[in-house]
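Coordinate-derived values only; no laboratory data. These numbers come from a predicted model, not from an experiment. Here the Cβ is made from the backbone with ideal geometry for all residues, glycine too, and neighbour counts use every protein chain on show.
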Amino acid sequence: MTGYRCTATSEVHAEVRAMGETISSPHGKIEWTPYSTLQCLLEDVPHDFHAAFLRTGTRADPASDVYLCWRDGSLDQCLADLDCCMARPEPRDAGCTIFEHHPGRCQWEYIDPEQVAAQAQADQLVEELGLSHCPHSAWDAPPL
Ligand SMILES: [Zn+2]
Ligand SMILES: [Zn+2]
C-alpha cells in the first residue's frame, strides 16, 4: 500500500517567524525553509497536528529542527523544537527530516504529489530539449 503526503498547508505568520528568529542554535549556519506557505511533512494518516520544517533547531547531536505546528480549523500556530527522526533506508541515504516518533511513515516511504509533478515536468523538459537537438530542418528556415 502506498501512502501520500498530507496536503495541509499553512502560511507562516510574521510574528511566528519573528519568534523563530530568536531561537539560538549551535549550528554555524541556520537553515530556513525557503517557503512562506509550508506543507505538512507527515504522511496522510490521522495526526493530532500538522508539522512543517521551519528552521534548524537548538541541538546538534542528535539534531533537532524547529517545526511549525498547527491544527485543522484553527489559525493558531506554534513552534516546536523536536529531535529529527533521521531514519534512513540505507546508511548513505539522507535521513528522514520529520520529527522523531512521527505518525505515519518516513519521508521516502510515501509519495509526495508535488515531487511527482516536478519530476513529470522535468522529464517533459528533457524530452523537449532532446527533441530540439535532432531535426536539422529547424535550421533550414529562411532568413528573415
Ligand atoms: Zn498533516
Ligand atoms: Zn521518519
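Quick notes on this one:
- Mean residue ellipticity (222 nm) of the chain, computed from DSSP H runs ≥ 4 via -39,500 (n - 2.57), nearest 500: -6500 deg cm²/dmol
- Euclidean distance between Cα centres, region 23-45 to region 79-130, Å: 14 Å
- Over the chain, relative contact order from alpha-carbon pairs under 8 Å, at least 6 apart, %: 21 percent
- Between D61 and Q119, the FRET efficiency from the beta-carbon distance, with R0 = 41 Å, is close to 0.75.
- The Rg/Rh ratio for region 3-133 is 1.03, where Rg is the radius of gyration of the alpha carbons and Rh is the Kirkwood radius.
- Max mean-square fluctuation residue, GNM over the chain, Cα-Cα springs under 10 Å, options L125, L68, L79: L125
- Label-zone membership for region 59-89, site H27, 7 angstrom Cα→C-beta point, backbone N under 18 Å: 59-69, 79-88
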